[in-house]
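Participant: What follows is a single structure, and I will ask about it in a moment.
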Amino acid sequence: MKKTLMGLAIAVSAVTALAAYPEKTVTLVVPFPPGGSTDAIARVIGQKLQEKLGQSFIVDNKAGATGTIGAAFVKRAPADGYTLFVSSLGPFVIAPHLIKGVQYDALKDLDPITVAVQAPNVLVVPANSPYKNVAEMLDGLKKNPGKVSFASSGNGSSDHLSAELFWQQTNTTGLHIPYKGGGPAINDLLGGQVDSAFVNINSIIQHIKAGKVRALAISSEKRNPLLPDVPTLQEQGVKGAEVQSWQAVAGPKGLPADVKAKLQAEIKAALNDPAVKEKLLAQGFEIVANTPDEFARFQAVEFAKWKNLIETRKITAD
């Protein structure tokens, strides 16, 4: 009888703990400056969770070292659900291969909760570019090896690695021009100072629609509903160069299972709220909201993919 009562008491206390979470402010650590895609996604999630769960969710921007400073900070935080990590793919699967002495193990020190959203990159050229499709660009790359310039938001960024993957899969070489951020790279692309770039769809869609740049291809497996006339790379004969940029939520390793499950369910509900979903889809984001196990498996595959590319192409963060 005593054992039964004791078991019942433990079960009740577990349910109470779950019902009670969160009992204080939750901090969403974003490892980049305010104003970017990751920061925007964190604020959308935080606002909805605050409305639903009745506690404050605040965004703390801890930028630096390609997002690894924020990741290391979260690794050291208590695994109680009150410090969470909202980041793009960089700190999860790219930066650990680029930066020596990273202060965390991306596959072991962070507890995956969910991949919130993903969005493809688009291969774009200035409006007056001679290239009208991928075949014409490949012809240009083969005739002028190492001369056709590709802008990126920085060394090791997803747009830089998209270009490297494109060159690897087509056996060509271009000229990488890294910028300090996506804004300056897009400005020079608009001005025709660079020949091309792979740019995240949500950063470039308005310029494509306005006719200021020409989209040659999209890096997703299927065409994007926002750009239905833009063929995929694969449709144009380039295989294995698909790249989705993504934003995900994780915590320090050892999050209580019930807290993790509650967070995943609430984030999924927040992203699928009709008003939120409509806005995100209009910007080019696709809702993923997968389970912690699905996120862990996806991260492992992405980690291996980018490790292979970075080592094969001898890419560094410098």
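The values are calculated or read from the model by the stated rules, or taken from the named source; none is laboratory data. The model shown is predicted, which means the values in this text are computed figures rather than measured ones. Please note: Cβ atoms are built from the backbone with ideal geometry, for glycine as well, and neighbour counts cover all protein chains shown. Heavy atoms of the whole protein, side chains included, go into the accessibility calculation; ligands, DNA and RNA do not. Shrake-Rupley method; radii C 1.70, N 1.55, O 1.52, S 1.80 Å.
Participant: Mind telling me which of the residues N202, N155 ends up being touching a strand residue (DSSP E or B) at 6+ places or on another chain (Cβ under 6 Å), open to solvent by less than 40 Å² (accessible area, probe 1.4 Å) and among the polar types (S, T, N, Q)?
Facilitator: Sole residue among the options that is touching a strand residue (DSSP E or B) at 6+ places or on another chain (Cβ under 6 Å), open to solvent by less than 40 Å² (accessible area, probe 1.4 Å) and among the polar types (S, T, N, Q): N202.
Participant: Then there is this: Looking at (1) open to solvent by 50 Å² or more (accessible area, probe 1.4 Å); (2) over 30 Å from L233 (Cα atoms), find the lone condition where D111 falls short.
Facilitator: The single condition D111 does not satisfy is (1).
Participant: Check G64, G101 and return the single one that is modelled with pLDDT under 95, out of contact with any helix residue (DSSP H, G or I) (no Cβ under 8 Å at 6 or more places or on another chain), surrounded by fewer than 18 Cβ atoms within 10 Å (Cβ to Cβ) and over 17 Å from V288 (Cβ atoms).
Facilitator: Being modelled with pLDDT under 95, out of contact with any helix residue (DSSP H, G or I) (no Cβ under 8 Å at 6 or more places or on another chain), surrounded by fewer than 18 Cβ atoms within 10 Å (Cβ to Cβ) and over 17 Å from V288 (Cβ atoms) holds for just one of G64, G101, which is G101.
Participant: Out of Y82, Y179, Y131, I need the residue that is at pLDDT 95 or above, surrounded by fewer than 24 Cβ atoms within 10 Å (Cβ to Cβ) and closer than 23 Å to F32 by Cα. Which one?
Facilitator: The unique qualifying residue is Y82.
Participant: Report those helices (runs of 4 or more DSSP H) wholly inside region 237-318 carrying at least 1 residues which are hydroxyl-bearing (S, T, Y).
Facilitator: Those helices (runs of 4 or more DSSP H) span 292-312.
Participant: Next question, about the same structure. Take G192 and decide whether it is in a loop (DSSP other than H, G, I, E, B) and within 17 Å of the chain's Cα centre (by Cα).
Facilitator: Spelling it out, it is not the case that G192 is in a loop (DSSP other than H, G, I, E, B) and within 17 Å of the chain's Cα centre (by Cα).
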